Amino acid sequence: MSTNADVTEYLDYYLASELETDFAIMLNGPWGAGKTHFVKSYLKEREAKAQALDPLQPIGHLYASLYGVRSTSEITDQFFAQAHP
């Protein structure tokens with residue numbers, strides 16, 4: 001069982017990596033465990049830190065919820081909507 005600190009440390013490592021990855025990260029846990037809250041809070045804090053260093057820094061992430069998703073095209077649609085508001 002990982003703690004939030006463990007997950008945060010791994011996310012920091014994953015996102016700071018200079019290597020191109022061909023995989024994503026999925027958080028797994030029971031309904032109501034706080035996965036969505038954790039990820040959204042993590043990304044908001046990371047974005048705030050980046051903006052403090054460089055106010056012109058664009059947002060560097062896209063977020064997809066897999067809740068209720070029935071096809072990969074629905075995930076693509078979520079990403080497209082975020083990339084082209």
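Here, each number is a calculation from the coordinates, and none is a lab measurement. Remember, it's a predicted structure, so these values are computed and weren't measured experimentally. Quick reminder, even Gly has a Cβ in these numbers, built from the backbone with ideal geometry, and neighbours come from all protein chains shown.
Tell me which residues, restricted to segment 41-65, are assigned to a loop (DSSP other than H, G, I, E, B) and either among the small types (Gly, Ala, Ser) or in contact (Cβ under 8 Å) with a residue 12 or more places away in the chain (or both). Within segment 41-65, 59, 60, 61, 62, 63, 64, 65 qualify.
Among the residues examined, residue 36 qualifies as closer than 17 Å to residue 61 by Cβ and β-branched (Val, Ile, Thr). When residue 68 is tested against (1) assigned to a helix (DSSP H, G or I); (2) farther than 16 Å from residue 15 by Cβ; (3) without any contact (Cβ under 8 Å) to a residue 12 or more places away in the chain, exactly one condition is not met: (1). Reported count of residues in segment 44-79, each being under 29 Å from residue 31 (Cβ atoms), surrounded by 11 or more Cβ atoms within 10 Å (Cβ to Cβ), among the hydrophobic types (A, V, I, L, M, F, W, C) and over 12 Å from the mean Cα position of the chain (by Cα), is 2.
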